[in-house]
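The values are calculated or read from the model by the stated rules, or taken from the named source; none is laboratory data. None of these values were measured; they are calculated from a predicted model. Because the Cβ atoms are built from the backbone with ideal geometry, glycine has one as well, and the counts that use them run over all protein chains shown. Areas reflect the complete protein model, heavy atoms only, side chains present, ligands, DNA and RNA absent. Shrake-Rupley method; radii C 1.70, N 1.55, O 1.52, S 1.80 Å.
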Amino acid sequence: MTLLSNGTGAGTGTDTSSDTVVPSYVLDSWWTPGEGAHAQRVLDASTGAEVARVSSDGLDLAAVVAHARTVGQASLGELTFHQRAILLKKLGQYLGGVKEELYELSARTGATRYDSMVDIDGGIGVLFTLSSKGRREMPNSQVYIDGDVEALSRDGSFSGQHIYTRIPGVACQINAFNFPVWGMLEKLAPAFIAGVPTIVKPATPTGYLTEAVVRHILASGILPAGSLQLISGSARDLIDHLDYRDLVAFTGSAGTARSLKAHPNVVEGGVRFTSETDSLNAAILGPDAAAGTAEFDAYVASVVTEMTSKAGQKCTSIRRLIVPAGRRDQVVAAVSERMARRVTIGDPRAEGVTMGPLASTGQRDEVLASVSRLIDGGGRIVMGSVDAPTGTDPEGAFVAPILLAFHDPESPAVHEIEAFGPVASIIEYTDLDHAIALAARGGGSLVTTVATHHPDVARTLVLGIAAHHGRVLMLDRVDARSSTGHGSPVPHLVHGGPGRAGGSEELGGIRSVLHHMQRTAIQGSPDMLTAITGEWHTGAAVRTGIHPFRKSLAELRVGDQTQGGPRVVTLADITAFAEATGDKFYAHTDAAAAAANPFFPGIVAHGYLLVSWAAGLFVDAAPGPVLANSGLEKLRFVTPVSPGDSIRVTLTAKRITPRETDEYGEVCWDAVLHNQNDEVVASYDVLTLVAKE
Ligand code: NAP
């Protein structure tokens, strides 16, 4: 195929040309542009050799969106949260088997093996983590219940319940160039579990690596039709075709985010738009972390890692070192010494290289221009230089690590200019309030590290800076080795930050799945709420007769119920329980002391005695489908029980969660104990494992 080249995007080309056009994957087939389309050349970051050409000219994006909304929604809609989560796990296993091929391609983007691991293994790791959390923390259904039922009537016939259902459109991800694999998978995983099809639009300079991953995903045959489409090249008029049913998750520069956010379909049409943008992340050295302490060493190590991994092209990289007054020179010396000892710059395919080039010469030029602006704003280079590192290919996008010192910590430049490369600045603070104020000058950041072993310093700093950040990493002698690091978002926790960082939460466990769903308040009778949510609500119809412990998951239904009791409690029972367990708390053994307690009329039964008795009253003892009791939840003791009172128990199947990969599932039972006056004595959920057949 012949394509016109406009030579933009990845820097100046060489004579080496490539006929490779990075295809898009749309409407469940591969697509390449027609003859004469305008294509961008993408170059190898270290050598400048052409890797590929990219163009989306002529791609019918309206059809792409329509395909996701119809075919993608339909195929994902046939699956439950757990079934989708299991597909993600299989996908993770499959991609793990083709990693080496991806590593090779990743080196062309300038990534060292360690950088590639962060991107590729990090992305695969998100699939595993979200798969496992999806199955542990979500029901095996298509409705997610949010919070407790709200009683809205005196007689219990009318209640409210919040539920989440998937959004009815498409999740469009527009990604930055720095994480071509992780960037896609961290957004695909939650959208997929939610049941929402994805359109991926990677950044042009490294999109060929994203395309390679998509090719493997398709080869695996794991994902259902329409659930994933890829646009290689410009997003063009994509947002023109979106409306309130759809979502855009943007990662990139604040400038691009601003222009996309201003699109009428976002402003007026209700497209859900979230952005992860740039961030002036900080690392605060605590006053106690003097040179020679483990915290000082961990701080220096973290700064060097963050400045050099991905050549500093991470949204989470440390940009501002905030250190106590008088410590700047010590920190600069220690960082410089470690940098000289540990960092070798070059083509990542060469032996011993620990830091590669930037992704393109265009990026290199932008970073060097930002360094100039930092110098104009009061910065002075105290480590490194703007000259190309010795021994590197002049066609490559190499920049040496650069540390700038600012005499005036309030200089706007240090808090505003993000040089998206191996560049950081150091400033000094006078006291903790000053350190907090300086960190906040980032205008909202993704992450800050606080290096201290002093609990009061930790508390003061974190309470001061937390609301300006999405994540704070506490670094001290205890966790220095086990810490996942300042720059690594983890899929269990929030990634994103307020203000300048974009205000989003792309990761963050099940929160990120719910981000792809709509919360709706449902009001109605217990029977209707039960039918809609699949979870039994108090007051809804019940079935009695055959003891529910005799039913396998194939027969058991929510609302199946058994009752037991009454059983009268005597003082002898309470005394015997106190003797047997050793729990001789005065409320169960000393009549006068118990009566003096504001909550008890005199001696009362142990709550655990009542719960144990309740099991005796509801259990059906013979071997059967119930395999084990795996716990209790939400236990509340409400009314004290005195000698002479009696209790009875009502046990109702509340939630049934078959496991996809086992021969059993979880059943959660609603348990309520009443006394002889029909007052609630205790309520809780009993968790059991029950065979499917
Ligand atoms: P960028 O230039 O803003 O591009 C980001 C994405 O937007 C690319 O896919 C780009 O596509 C696309 N794009 C550009 N103009 C567009 C338009 N008019 N319509 C639709 N899409 C458009 O950013 P970048 O240079 O790739 O990434 C570097 C920046 O990203 C840094 O500032 C960094 O801090 C930030 N970042 C933030 C996070 C985070 O999680 N907060 C993570 C990574 C990076 P093309 O490449 O095809 O132009």
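Numbers for the structure displayed
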item	result
Label-point gap, in nm, between Ala290 and Ala49 - each point 7 angstrom along Cα→Cβ	5.5
Zone of Asp662's modelled label, taken as backbone nitrogen in the range 617-653 under 17 Å from a point 7 Å along Cα→Cβ	624-633
Rg/Rh ratio calculated on Cα atoms of the range 286-492 (Kirkwood radius)	0.95
Unit charges on C-beta of K, R, D, E only; dipole of the chain, Debye	520
Segment Ala591-Asp243, extension gain: residue separation times 0.36 nm, minus the distance between their alpha carbons	118.4 nm
Area of Phe637 that stays accessible when all protein chains are in place (1.4 Å probe, Å², to 10)	100
Rg(Cα) / (2.2 N^0.38 Å) computed for the range 59-276, rounded to two decimals	1.08
Signed unit charges on C-beta, dipole axis of the range 138-265, positive-most listed residue Pro180, Pro190, Tyr164	Pro180
10 Å beta-carbon shell around Asp115, net charge (K/R +1, D/E -1)	+2
Listed residues Pro357, Phe406, Ser370: farthest to the positive end of the dipole of the range 351-437 (Cβ charges)	Pro357
Listed residue (Tyr144, Ala66, Leu87) projecting farthest to the positive dipole end of the range 65-151, Cβ model	Leu87
Per-pair calculated FRET efficiency, R0 = 22 Å: Val478 and Leu689 via Cβ, rounded to 0.05	0.05
Surface/4 estimate of mean projected area, convex hull on alpha-carbon atoms of the chain, nm²	35.9
The range 386-486: GluC sites (Glu not before Pro) in DSSP loop, at most 14 other beta carbons within 10 Å	Glu410
Extension gain, Glu351 back to Thr575 (0.36 nm per residue minus Cα-Cα distance, nm)	73.1 nm
Amide hydrogen neighbours beyond the local backbone of Ala325, cut-off 5 Å, H modeled	Tyr429
Karplus (6.51, -1.76, 1.60) ³J(HN,Hα), θ = phi - 60°, over the range 101-116, in Hz, Gly and Pro reported as x	4, 5, 4, 4, 5, 4, 4, 5, 7, x, 7, 6, 4, 5, 4, 5
Under 5 Å, built H, 5+ apart or other chain: amide partners of Ser275	Phe250, Ser504
Karplus-derived 3J(HN,Hα), 6.51/-1.76/1.60, for each residue of the range 209-219, Hz, glycine and proline x	6, 4, 4, 5, 5, 4, 4, 5, 4, 5, 4
Potential lengthening between Arg338 and Tyr608 on full extension [0.36 nm per residue; Cα-Cα distance subtracted]	91.3 nm
R0 of 41 Å, Cβ-Cβ distance Ala62-Arg519: FRET efficiency to nearest 0.05	0.90
Charge tally in the Cβ shell below 15 Å around Asp347, where Lys, Arg are +1 and Asp, Glu are -1, Asp347 excluded	-2
Portion, in percent, of the accessible area of the chain that falls on carbon or sulfur, probe 1.4 Å	53
Cα-centred dipole magnitude for the range 79-201, charges only on beta-carbon of K, R (+1) and D, E (-1), debye, nearest 20	240
Residue pairs, from the table Lys261/Lys310; Lys133/Lys310; Lys654/Lys692; Lys90/Lys551, whose Cα atoms sit over 26 Å apart	Lys261/Lys310; Lys133/Lys310; Lys90/Lys551
Long-range HN-HN contacts of Arg659 with modeled amide H, under 5 Å	Tyr664, Gly665, Glu666
Whether the range 575-647 is rounded, prolate or oblate, judged on the alpha carbon gyration tensor where a/c under 1.5 counts as rounded	prolate
Accessible surface, per residue, of the chain when the full set of protein chains is kept, probe 1.4 Å, Å²	40
Efficiency of FRET from Cβ geometry, Met117 and Ala466, R₀ 25 Å, rounded to 0.05	0.25
List Thr165, Thr392, ordered by accessible area with a 1.4 Å probe, largest first	Thr165, Thr392
Order of exposure, largest accessible area first, which applies to Trp31, Trp669, Trp536 with probe 1.4 Å	Trp31, Trp536, Trp669
Integer Hz, Karplus 6.51/-1.76/1.60 couplings in order for the range 316-327, x for Gly and Pro	9, 4, 6, 10, 10, 8, 10, 10, x, 3, x, 9
Computed [θ] at 222 nm, helices only, for the chain once each DSSP H run of length n ≥ 4 contributes -39500 (n - 2.57)	-9000 deg cm²/dmol
Accessible area of Arg328 in the full protein assembly, 1.4 Å probe (Å², nearest 10)	50
In nm, spacing of pseudo-spin labels at Lys584 and Val386 (7 Å Cα→C-beta vector)	8.1
Paramagnetic reach from Asp678 in the range 154-195 [backbone N under 18 Å; point 7 Å along Cα→Cβ]	154-158
